[in-house]
Structure formats: C-alpha cells, structure tokens
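Have a look at the structure below, then the notes.
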Amino acid sequence: MNTDRIIFSQIMDFIPKHQFNQCVRRYRGNYRLRTFSCFDQFLCMAFAQLLFKESLRDIEICLRAMKPKLYHAGFRGHIAKSTLADANEKRPWQIYADFAQILIAKARTLYRDDSFGIDLKNTTYALDSTTIDLCLTLFPWAQFRKYKSAVKVHTLMDLKGSIPCFILITGGSVHDVNFLDELLIEPGALYVMDRGYIDFARLFTFTQSMAFFVTRAKTNLDYTRIGYRVVDKTTGLRSDQTIMLQGTQTSKDYPVSLRRISYYDKDTYKRLVFLTNNFTLDAIIIAKLYKCRWQIELFFKWLKQNLHTKAFFGTSENAVKTQIWIAVSVYVLIAIIKKELKLPQSLAEILQILSVSIFEQVPLHQVLTEIPMKNEIF
C-alpha cells in the first residue's frame, strides 16, 4: 500500500465496494440523494466505531478537523451532525445487514481451515443472545419491562474464527428459543446452545433435518434410562446414558431417544448434564464442545467493550439496527484484515492500535506489526 495514504483509507481498501453498492441499489438507499451517500454514512459510522466516538458531534468535529484527508479516505459528501442523524433514521438498515453478510461469507472462507480446539468434520456453531439495555423514555418502541427498554442480539456463531454468521435483532422481551424458528438448519452441522433454548419440539426439528445439537439439561427433566456406556471418570465424566423422555408433552414433542451425559467440571466445581442427539462422538468431546460455546460470550463481551453499542447515535429502531450491523461489519472487517495480513495480535489489540494511528500515513501492515504485543485479550 502507498505510504502517503492514511490508515483509515487502507482499512477501507478491504471493503468490496462493488458489492456494497449492490446492497444500496437493492433498497434504493441513494435514491434522490445529491450528497452524503450510504457509503459516506458507512464510513462515518465505521470511523466512530474504530475511534470510540461518543456522539454525532464528536464524529463531526473530528472528521471536519481532518477535512483535507477525507477525500482520499473515500468520503465524498459533506459531514454534518444533522445529515448523519437523518441518514441513520431513514436509510434502510437492511443495506448494512446485507453487506455484513457479504463480509461474513468472506471471513468464514478465510477461517474455514482454522481449529477451535476440537478437530471435527462437522461445521460447529454456537447459539446465544445478549441484551443491550436502553432508556425507556428515548426508546419506547423497545419496551422490555415496565420501566425499561432493551434490544436482544441473537447470534449464531461459527466457532472457526469466532465469526457471527447469522444475527437477529429483536426487542428484549423476545425469548431466546424463538431464534430457533429463524434458523436454516444445516444438515450434518452441530449446534451448541445453553438450556435457554430447550424446547423439545424445536429440538426435534434438528433431528429431522439430520443436524446435531448439544445443550444442557434442566434439573426437572423427566426421563427413563434405556441404555448406558462405560465412561472414564478420571476425565470428569460421570455417566453416558441413552434415555427416552417421559413427560406427557415432551415425550410427544421428542419421541425418539436422546443421549444424556453427566460431567463434573473441576474448574468450577459444578456437575453439568448435557443432552445431545449425537450418539457417535465421544462423551468427553461433547463436554468440550459445550465449553467452546463460551467463544460466543467472548464475542458479546468484545462487541460491548470495543465497539460502540452501549450508547446509540439515534433513537429509532432503524438507527439502532443500523449501528449494530455496522458494528458487526467492523468486527468482521478486522477479522478479515487479521487473516489476510497474517497478524499475530488479537482483534482487540488490532483495534487499539488502529484507534491511535487512524490518520497516520504509513503502511497498514507496518503499523500493525512493529508494535510488540504480549497479552492476548481475545
């Protein structure tokens, strides 16, 4: 890359501009616009994420201070607080959701040969959600409780590379289990989820689709044992059983056998009981798979700590979804840069370096490799 171009401009080189424009045309995002295109909006919001900006005023002041460099960074429209606010309120959030999926597809291709600690032929996903609290007065459309608003970010993550591959943004009152209705279940894939997703009618859909699931059992599970396997208790395993559900409704919802695995976690001093429809993997692998589910918790932690999702630049549903999807796009973009430049740092470390050098005129690879980093954050 040319040394006379600023870091921000070099980061944006990883954006497939042609595909971004296709997303914009799909929703007529630039219809009857003379200045400040959807790409200008994306650049402003991505800039805010990379530099941890707190408000639209912060974005405007900082970008105007760097006005001579903005053209070479890709900006074509006039930067103003009111213009950006209006864009966030009115431009369809689906533009940025579709574009995030394009980046996600590219990232999954780059990370497909990576290992997440367990070597499996099956594509392995983790499911979970995180709640982002909002002010009821400012966000009445997202009322969660009597005096509280919130949105939920339901996420399906590919454990290879920790890449979120499907996201659904809903009001905080939507139960996690409803996310299962939105999934396109992939035959042969393995889905790891916590017990908040236990609905045996929905779980039976995985079995009918020739897919596998791993989840935790609830303490009041009504079942009968119809078989068992010998386990090595030195590994923490306590039992490996084949069961049939006995509840009046659950036996109808899930009419075939399940595998119940009991495991004692020496780190947390807890006894965990797992349910799965996979009868071929070793019991200890099932236990380890559930532990890998915490990668999605780390993603949520990373998203909230490193990207601007705790406070929003707009109060409408469209503005909130736009900001979350652009935050996800920035996360995936950094993951792409990390892989393509073969960087050893964590994503959080890369973001920290970029935040203090965004207007430097040095090669991107140089600024990311000349600073030694020791502590792995993510």
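Throughout, read-outs are computed from the coordinates displayed, never taken from laboratory work. All of these numbers come straight from a predicted model, not from anything done at the bench. As a convention, Cβ positions derive from the backbone with ideal geometry for all residues, glycine included, and neighbour counts pool all protein chains shown.
Exposed loop sites here are GluC sites (Glu not before Pro) in DSSP loop states with at most 13 other C-beta atoms within 10 Å. What is the longest stretch of the chain lacking them? Maximal segment without exposed cleavage sites: 55-369. Using bins of 20 Å that start at zero, the share of Cα-Cα pairs per bin across the chain amounts to 26, 51, 21, 2, in whole %.
In the chain, helical runs assigned H by DSSP with n ≥ 4 each contribute -39500 (n - 2.57); averaged across all residues and rounded to the nearest 500, the mean residue ellipticity at 222 nm is -11500 deg cm²/dmol. Within the chain, which complete DSSP H helices have Cα atoms spanning at least 27 Å along the helix axis and a mean Kyte-Doolittle hydropathy of -0.5 or higher? Passing helices, by number: 317-340. A DSSP coil position with no more than 14 other Cβ atoms inside 10 Å describes the following chymotrypsin sites (Phe, Trp or Tyr not before Pro) in region 108-198: Tyr147. Each Cα pair of region 97-214 feeds into the Kirkwood radius, which the Stokes-Einstein equation turns, at 37 °C and 0.692 mPa s, into a diffusion coefficient of 210 µm²/s.
Counting pairs of alpha carbon atoms under 8 Å apart in space and at least six apart in sequence, what relative contact order in percent does region 194-291 give? Once divided by the residue count of region 194-291, the mean separation gives 27 percent. Computed over the alpha-carbon atoms, region 146-239 gives an Rg to Rh ratio of 1.04, Rh here being the Kirkwood radius from the mean inverse distance. Across region 254-354, Cα pairs under 8 Å and at least six residues apart give a relative contact order of 15 percent.
For the pair Asp133 and Lys304, label points projected 7 Å from Cα toward Cβ lie 0.9 nm apart. Between Thr235 and Ser115, the modelled labels are 1.7 nm apart [label points 7 Å from Cα along Cα→Cβ]. Among the lysines of region 1-128, pairs at least eight places apart or on separate chains and with Cα atoms under 26 Å apart come to 15.
Applying the criteria of a DSSP loop state and at most 14 other Cβ atoms within 10 Å to the trypsin sites (Lys or Arg not before Pro) of region 70-107 yields Arg76.
Applying 0.36 nm per residue to the separation of Asp267 and Gln143 and subtracting their alpha-carbon distance, the gain on full extension is 40.8 nm. As an exercise, use a Förster radius of 51 Å and the Cβ-Cβ distance of Gln246 and Val356 to find the FRET efficiency, rounded to the nearest 0.05. The pair Gln246/Val356 has a calculated efficiency of 0.25. Taking all Cα pairs closer than 8 Å and separated by 6 or more residues, the relative contact order of region 136-181 comes to 33 percent. Using Cα centres only, tell me the gap between region 306-337 and region 147-193 in whole Å. With region 306-337 and region 147-193 each reduced to a Cα centre, they are spaced 17 Å. Once you reduce region 58-88 and region 115-133 to the center of their Cα atoms, the two points are 37 Å from each other.
Restricting the trypsin sites (Lys or Arg not before Pro) of region 295-361 to loop positions (DSSP other than H, G, I, E, B) with no more than 13 neighbouring Cβ atoms within 10 Å leaves Lys310, Lys342.
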